[in-house]
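Worksheet: the structure to be examined is printed underneath.
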Amino acid sequence: GPSSVWDTLLSGVANGTLLVAIATSVRRILLGYSLAVLCGVGLGLLIGRFRLLDETVGGVIVGLQALPGICWLPLAALWFGLTETAILFVVVTGGLFSIAVATDAGVKNLPPIYLKAARTMGASGFKLYWRVILPATLPSIIAGMKLGWSFAWRALMAGELLFITFGLGNLLSIGRERNDLSAVVAVMLIIIVIGVLVDRLIFAPLERYIKTHWGAGF
């Protein structure tokens with residue numbers, strides 16, 4: 001019942017178990033997701049602009065995007081063992097491909113007149129990317145980042161569930177082993193709250209900023 005779940009939450013906060021688990025999982029997702037965004041946006045910009053990469057790497061990225069994040073767990077375990085590196089690998093692969101595909105789509109949907117006007121005014125190379133392509137594709141990038149975040153967060157929970165390592169996913173596994181339904185529900189609620197907070201505190205302000213300063217519609 002709700003009262004037992006509430007008592008479990010209070011107990012977990014009081015003894016520090018929940019706080020440490022939250023801090024551990026958040027640290028992992030911040031590191032893994034940051035790498036996914038950095039690599040995903042860069043890869044998407046390159047695929048969208050270079051035909052050779054689009055015809056080779058682009059098709060592979062689209063295929064890998066369809067692969068559920070949990071499917072990377074056996075490969076990560078074989079490559080890195082049951083380590084922090086394996087979990088980080090799963091988180092990165094969980095978010096990278098969605099971000100890359102969304103960024104690629106944003107570049108390809110860029111109106112050609114933008115590039116023609118920029119080149120006429122002397123923009124080329126890095127300047128063309130920084131002043132024209134990147135701002136014009138920001139709505140697609142943000143959409144890909146939101147999707148990549150959800151995939152990376154799910155991949156992290158799956159990794160912590162299956163790997164013997166502390167975190168929110170591990171608390172779910174412990175609750176299952178102890179047949180403690182209130183503990184399982186309590187951790188599920190925390191995972192949901194973190195997801196909502198990230199959306200409201202990070203992605204929603206980003207979308208408002210882009211809409212206000214760049215005139216991009218959502």
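Pull out a ≥ b ≥ c, the square roots of the eigenvalues of the alpha-carbon gyration tensor of segment 22-129, then state rounded if a/c is under 1.5, prolate if not and a/b is larger than b/c, and oblate in the remaining case. Cα axes put segment 22-129 in the prolate bin. Computed with a 1.4 Å probe over protein heavy atoms only, the accessible surface of segment 1-104 comes to 51 Å² per residue. Computed over protein heavy atoms with a 1.4 angstrom probe, the accessible surface ordering of D7, D104, largest first, is D7, D104.
At 10 °C and 1.306 mPa s, what whole-number value in µm²/s does Stokes-Einstein give for the translational diffusion of the chain, with Rh from the Kirkwood sum over Cα pairs? Approximately 84 µm²/s, per Stokes-Einstein. Taking each DSSP H run with n ≥ 4 as -39500 (n - 2.57) and averaging over every residue of the chain yields -25500 deg cm²/dmol at 222 nm. For the chain, the longest principal axis of the alpha carbon atoms and the long axis of helix 134-162 meet at an angle near 20°.
On the protein heavy atoms, probe 1.4 angstrom, tell me the percent of accessible surface of the chain carried by carbon and sulfur. Taking all protein chains in place, the chain shows 69 percent carbon and sulfur surface. Semi-axes of the equivalent ellipsoid for segment 95-218, computed as √(5λ) from the eigenvalues of its C-alpha gyration tensor and ordered from largest down, come to 42, 15, 9 Å. Remark: the W6-D199 segment gains 67.1 nm on full extension, using 0.36 nm per residue and subtracting the alpha carbon distance.
A simple count of charges around G159, restricted to other residues whose Cβ falls under 11 Å of its Cβ and scoring Lys, Arg +1 and Asp, Glu -1, yields 0. Calculate, for I192 and V57, the FRET efficiency according to 1/(1 + (r/R0)^6) with r their C-beta to C-beta distance and R0 35 Å; round to the nearest 0.05. Given R0 = 35 Å and the Cβ-Cβ separation, E is 0.50. FRET efficiency for the Y114 to L31 pair, using the beta carbon distance and R₀ = 35 Å, is estimated at 0.50.
The values are calculated or read from the model by the stated rules, or taken from the named source; none is laboratory data. Bear in mind the structure is a predicted one, so any value in this text is a computation, not a measurement. Cβ sites come from the backbone with ideal geometry, for glycine too, and all protein chains shown count toward neighbours. Quick note on the areas: whole protein, heavy atoms, side chains included, nothing else; ligands and nucleic acids left out. Shrake-Rupley method; radii C 1.70, N 1.55, O 1.52, S 1.80 Å.
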